[in-house]
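The block underneath contains the structure these notes are about, expressed in structure tokens.
The values are calculated or read from the model by the stated rules, or taken from the named source; none is laboratory data. Since the structure is predicted, the reported quantities are computational estimates derived from the model, not experimental observations. Note that each Cβ is placed from the backbone with ideal geometry, even for glycine, and that neighbours are counted across all protein chains shown. Remember, those area values only see protein heavy atoms, side chains included, never the ligands or the DNA or RNA. Shrake-Rupley method; radii C 1.70, N 1.55, O 1.52, S 1.80 Å.
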Amino acid sequence: MKAFTLLTDPVYVKPDGEYTRLQKFFRSLIKDERDLPFVYLTIRITLTLIPLAILLYIPGVNNWIWWTAAVAYLVLNNLILKGPYILMLHCTSHRVFFERKYNWLNHYLPWVLGPFFGQSPETYYSHHIGMHHPENNMPDDDSCTMFFQRDSLRGFAKYFGSFFFAGIFHLASYFIRKNRKNLLKRAVRGEVLFIAMCVGLCFVNWPATLVVFIIPFTFSRVVMMMGNWAQHAFICASEPDNPYKNSITCINSTYNRQCWNDGYHIGHHLKPAMHWTDYPNNFRQNLDVYVANDAVVFEGIDYMQIFLFLMLKRYDLLAKHFVNIGNRYNSDAEVISFLKQRTRRFPAMAVASKAAVA
């Protein structure tokens, strides 16, 4: 266990002195000056990833140059830029990035950059904003983890398979049931156009299409479902709809510094529109509420590590990084018992009974 001492995750600090002329220009485009790092990341992606992608499609490129560009593209895309991009897309889905008069720029992240990271345009927005947050990991949420044993590789394989092969159909069915026609159109349009683009480009240059779009698409879907699994792996059987008890928080991690404080998942479900730089202070200010709700807090690890520890059933490593807020536990053994209890699969009948009573 760890004792809670201080937070090292990024918060906004107003820069000393005046903005440079270029910074003032960028600031004039966006709604919130705290999002200037998003501008820099967007430019970085545009000037590195897209030129590499274009190079891979140029006919007659020398074989060793092509393979060098392909490896560089895959590493840059999947291991360096994917996390920061997806979480930038996440933040700007909740809070509009550019000013209203430059609204056309708000389409650049999902429609231009998104496909390079395997994000079909607006499908992520429709799923995350239109379903995941309203349903809060409860049964109507297509990404709900409740009905799976959450320290089981077989359980995750079933979960991922359902999402990967039938996710768009489940999402469309959800929007039809809820009569949310605009989100239905956005989700299906983005998915269909992305698939059609990949099929068409395969006839132009299938090796380039595989590297530029198909591998990043597959990798993104795998990583995103691993992340959601870890975020909602520890669920309280008596209050599965309580964000304090169906989500987790990860503090003081490299991941938070690279991916815009995404570790604060409890706080995010409680206040989805909160700016990413505000989550550490909000956590500190409401620590007593986290204690009262038996919230799961880890320090120094991220969702991918939590997922790996769960699959390996290394509860000892989870306990090592568990933050004992409120001094609730006396030993790692108590923490392990608590965590194991929270990862148990929910019988469907039990959830149905709770819903009927409510």
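Residue count for segment 296-330 under the criterion of being under 30 Å from Phe219 (Cβ atoms), open to solvent by 20 Å² or more (accessible area, probe 1.4 Å) and free of Cβ contacts under 8 Å to residues at least 24 places away in the same chain: the result is 7. Just one residue in the set Val204, Val222, Val199 is within 19 Å of the chain's Cα centre (by Cα) and surrounded by fewer than 16 Cβ atoms within 10 Å (Cβ to Cβ); that residue is Val222.
Considering the conditions (1) surrounded by fewer than 17 Cβ atoms within 10 Å (Cβ to Cβ); (2) over 15 Å from Ile235 (Cα atoms), Asn293 is excluded by exactly one of them, (2). A count restricted to segment 123-149 and to residues that are among the β-branched types (Val, Ile, Thr) and either open to solvent by less than 30 Å² (accessible area, probe 1.4 Å) or not in a helix (DSSP H, G or I) (or both) stands at 2. Evaluate the following for Thr92: is it in contact with a Leu (Cβ under 7 Å, 6 or more places away or on another chain) and within 30 Å of Asp288 (Cα to Cα)? Answer is yes for this residue.
What residue, among those in segment 150-185 that are surrounded by 15 or more Cβ atoms within 10 Å (Cβ to Cβ) and polar (S, T, N, Q), is farthest from Ile306 (Cα to Cα)? Checked segment 150-185; the qualifying residue farthest from Ile306 (Cα to Cα) is Ser162. Taken over segment 207-219, the criterion of being surrounded by 21 or more Cβ atoms within 10 Å (Cβ to Cβ) and under 17 Å from the mean Cα position of the chain (by Cα) is satisfied by Pro216 alone.
Checking each residue in segment 98-115 for being touching a Pro at 6+ places or on another chain (Cβ under 7 Å) and open to solvent by 30 Å² or more (accessible area, probe 1.4 Å) picks out only Trp111. At least 2 residues being aliphatic (A, V, I, L, M) is the threshold, and among the helices (runs of 4 or more DSSP H) wholly inside segment 219-314 those reaching it are 265-270, 287-292, 303-311. Residues that are of a type in the set (A, V, I, L, M) and without any contact (Cβ under 8 Å) to a residue 12 or more places away in the chain were ranked within segment 28-74; the one that is least open to solvent (accessible area, probe 1.4 Å) is Val61.
In the set Thr254, Thr277, only one residue is closer than 18 Å to Phe4 by Cα and polar (S, T, N, Q); that residue is Thr254. Could we say that Val188 is assigned to a helix (DSSP H, G or I) and crowded, with 17+ Cβ neighbours inside 10 Å here? So Val188 fits the description; yes.
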